[in-house]
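Structure first, then comments.
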Amino acid sequence: MADTTGPERARPGRRPSRIDGAALRADLRRVVPDSAAALVVTLVIFFVVYARIEAGTSMTLMVMPFLSDAGEYWLYWLCQAFGWSGLLWAWITVMLGLLRSTAPPARAPVPHARIERWHRVTSLTTMGLMFAHAFAFFLELVRDNEEGLAWGGRLLSAFVDVFVPGGYATGTGQVAILIGLIALYLAVPLSLAYYFRFRTGTRTWRALHRFVIVVYALSVWHTLLYGTNVWFDGWFRTFVWALQLPVALLLLARLLAPLRADERFTLRDLAGGRRLRALARLGARLAAAATVVVLLAVTITGRDGGRTPGAEGGEMLIGQDMVWGGLAVLLTVIGAVVLSLRRRERPERGARVG
C-alpha cells in the first residue's frame, strides 16, 4: 500500500514526530461509526446464533450438546458472534488493502486515497473485534469456573487459557487457540506500523504491512479448525472457503499489476543483478496462482477437510510444536527483511541530510 500521508511538520527547534499523530487521531474519529456498524452486525449474528441454539438447529450442539441452555451460555454465543464479525471485517480490510496496492483502472470509481483510509479504519475495527472475541471467551471461562476455583484462581486460569499462547491444553483448542492468538498478537504491530513509518522508514513499514496477509490466513485457519458452526462439512463451511477465492484472486492481481513500479516483475528480471529478489517475486506469483486453483477445487467439490457427522475423528495432523516452528520461521523472515531494509535506508537518509 502506498504512503499518501506526509509527515507532520516539526515546529522550529523541535525534532520531527516519530508517530503520525494526525493520521492516528483522524482514523480514531472515523473508527467510531465503523465500530458501531461492526457492533450492529455482531448483535445480529448473536441473536441468530442464540435462536438456533434455542431451536436446537445449531451445529454447535452436535459438537457440544451440553451447551443447549442458550441463556446460561450467552457469553459463549457472544464470543462466536464477535469471532464471525471479526472474520468478516478482516476480509473487508484485506480486500481494501489489496485494492489499494493494485494498479487502478483508467477510471477508478473510488480514489485510492479513500480506499486507503477505509483500509486503515477497518483494520483498527478488526483488531477490536478480535480482542472482543477473545475477551468474551475469557469471561465465559471465568463464569463457568469448571474446576471450582476461587476468584483469583479462576481469573488466572482463564487468562492463561485464553491469552497465553500454548496455555489452552485440551482438545483441538491446543492448536486452534494458539493459532488465533498468534494472529491477534501479530495483527497489532503489523497493522499499527503505518503510524510509526516515520520512525521505521517507509520501506520497512511497507514490508512489515505485507505480512498482514499471513495474519488473515491464520485467522481463517483458526475459524475452520475451531469454529463449531463450521466444524462439519457442508454448505456453510464450503461458503467460508469460497469467500477466500476473491482474496486470492485480488492478491494475484496485486502481484501481477502492483501499484508501485519498483515492485513489477518480468522474466527479464531473472537475468538481472537482483536474481534472488526476482525469484522471490516469481515464487510469490506462482504460489498465489496455485492458491486460486486450490480454492476453486475446494469450492467446487466441497471437500475441504470438515468432519463428517457421526464419524470418528482422526488425530490432528498438526501439533503445537509445528505451529511454534512455523512462527519461528515467520519471525526470522520478518526480522531478516526489516534488518535488510534498515541497512539500505540508513545510507539514503544520510545522503538526503548531506
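If you go through the range 127-144 one residue at a time, do you hit one that is more than 30 Å from residue 323 (Cβ to Cβ) and outside any loop (DSSP other than H, G, I, E, B)? Working first, answer last.
So in the range 127-144, the residues more than 30 Å from residue 323 (Cβ to Cβ) come out as none.
Within the range 127-144, not a single residue is more than 30 Å from residue 323 (Cβ to Cβ) and outside any loop (DSSP other than H, G, I, E, B).
So, in the range 75-107, exactly how many residues are part of a helix (DSSP H, G or I), modelled with pLDDT under 95 and farther than 22 Å from residue 205 by Cα?
Count: 0.
Do you know which of the residues in the range 136-181 that are of a type in the set (A, V, I, L, M) and out of contact with any helix residue (DSSP H, G or I) (no Cβ under 9 Å at 6 or more places or on another chain) is most open to solvent (accessible area, probe 1.4 Å)?
Filtering the range 136-181 for residues of a type in the set (A, V, I, L, M) gives 136, 139, 141-142, 149-150, 155-156, 158, 160, 162, 164, 169, 175-179, 181.
Among the residues that remain, those that are also out of contact with any helix residue (DSSP H, G or I) (no Cβ under 9 Å at 6 or more places or on another chain) are: 150, 156, 160.
On the way: 150: 75, 156: 111, 160: 53 Å².
Per the stated criteria, the residue is 156.
What is the residue count in the range 215-247 for residues that are within 25 Å of residue 263 (Cα to Cα) and surrounded by 17 or more Cβ atoms within 10 Å (Cβ to Cβ)?
Here is the first cut: in the range 215-247, the residues within 25 Å of residue 263 (Cα to Cα) are 215-217, 244-247.
Narrowing further to those that are surrounded by 17 or more Cβ atoms within 10 Å (Cβ to Cβ): 215-216, 244, 247.
Residues in the range 215-247 being within 25 Å of residue 263 (Cα to Cα) and surrounded by 17 or more Cβ atoms within 10 Å (Cβ to Cβ): 4 in total.
Right, residue 56: on the phi > 0 side of the Ramachandran plot and open to solvent by 20 Å² or more (accessible area, probe 1.4 Å) or not?
So residue 56 fits the description; yes.
I'd like the residue in the range 46-60 that is in a helix (DSSP H, G or I) and of a type outside the set (A, V, I, L, M, F, W, C) and, out of all such residues, is nearest to residue 81 (Cα to Cα).
Applying the filter and picking the extreme gives 50.
Suppose we filter 186, 250, 255 for residues that are under 30 Å from residue 75 (Cβ atoms) and of a type outside the set (D, E, K, R); which single one remains?
Values: 250 fails: under 30 Å from residue 75 (Cβ atoms); 255 fails: under 30 Å from residue 75 (Cβ atoms).
Within the list 186, 250, 255, the selection yields 186.
Please count how many residues of the range 153-199 are over 18 Å from residue 209 (Cα atoms), touching a residue at least 12 places away in the same chain (Cβ under 8 Å) and small (Gly, Ala, Ser).
Summing the residues that are over 18 Å from residue 209 (Cα atoms), touching a residue at least 12 places away in the same chain (Cβ under 8 Å) and small (Gly, Ala, Ser) in the range 153-199 gives 6.
Count, please, the residues in the range 278-301 that happen to be farther than 21 Å from residue 213 by Cα and either crowded, with 16+ Cβ neighbours inside 10 Å or not small (Gly, Ala, Ser) (or both). Before the answer, list the steps.
Looking only at the range 278-301, we keep the residues that are farther than 21 Å from residue 213 by Cα, and these are 297, 300-301.
With either crowded, with 16+ Cβ neighbours inside 10 Å or not small (Gly, Ala, Ser) (or both) added as a condition, the list becomes 300-301.
Residues in the range 278-301 being farther than 21 Å from residue 213 by Cα and either crowded, with 16+ Cβ neighbours inside 10 Å or not small (Gly, Ala, Ser) (or both): 2 in total.
Modelled with pLDDT under 55, more than 30 Å from residue 253 (Cβ to Cβ) and among the hydrophobic types (A, V, I, L, M, F, W, C): which single residue out of 22, 2, 10 fits that description? Give the steps one after another, and end with the answer.
On the way: 22 fails: modelled with pLDDT under 55; 2 fails: more than 30 Å from residue 253 (Cβ to Cβ).
Residue meeting the stated conditions: 10.
Cβ-Cβ under 9 Å, sequence separation 6+ or interchain: first residue in the range 320-338 and closer than 24 Å to residue 196 by Cα, partner modelled with pLDDT under 95 and among the polar types (S, T, N, Q). Which pairs?
337/204; 338/200; 338/204
Can residue 193 be described as small (Gly, Ala, Ser), under 30 Å from residue 21 (Cβ atoms), open to solvent by less than 50 Å² (accessible area, probe 1.4 Å) and at pLDDT 95 or above?
Numbers: small (Gly, Ala, Ser): yes; under 30 Å from residue 21 (Cβ atoms): yes; open to solvent by less than 50 Å² (accessible area, probe 1.4 Å): yes; at pLDDT 95 or above: no.
Considered against the rule, which asks whether it is small (Gly, Ala, Ser), under 30 Å from residue 21 (Cβ atoms), open to solvent by less than 50 Å² (accessible area, probe 1.4 Å) and at pLDDT 95 or above, residue 193 comes out as no.
Scanning for something more than 28 Å from residue 132 (Cα to Cα) and within 20 Å of the chain's Cα centre (by Cα), does the range 224-243 turn up at least one residue?
no
Which numbered condition in (1) part of a helix (DSSP H, G or I); (2) surrounded by 15 or more Cβ atoms within 10 Å (Cβ to Cβ); (3) within 17 Å of the chain's Cα centre (by Cα) is the only one that residue 188 fails?
(2)
Looking only at the range 40-78, count every residue that is free of Cβ contacts under 8 Å to residues at least 40 places away in the same chain and farther than 14 Å from residue 227 by Cα and tell me the total. Please lay out each step first, then the result.
Step one: list which residues in the range 40-78 are free of Cβ contacts under 8 Å to residues at least 40 places away in the same chain, which gives 40, 43-44, 46-48, 50-57, 61, 65-72, 74, 77.
Checking the rest, the ones that are also farther than 14 Å from residue 227 by Cα come to 40, 43-44, 46-48, 50-57, 65-72, 74.
Matching residues across the range 40-78 total 23.
For the list (1) open to solvent by less than 70 Å² (accessible area, probe 1.4 Å); (2) without any contact (Cβ under 8 Å) to a residue 40 or more places away in the chain; (3) under 27 Å from residue 84 (Cα atoms), I need the number of the one condition that residue 310 fails.
(1)
The values are calculated or read from the model by the stated rules, or taken from the named source; none is laboratory data. Not measured: the values here are computed from a predicted model. Here Cβ is always computed from backbone atoms with ideal geometry, including for glycine, and neighbour counts include all displayed protein chains. Calculation scope for accessible area: heavy atoms of the full protein, side chains included, ligands and nucleic acids excluded. Shrake-Rupley method; radii C 1.70, N 1.55, O 1.52, S 1.80 Å.
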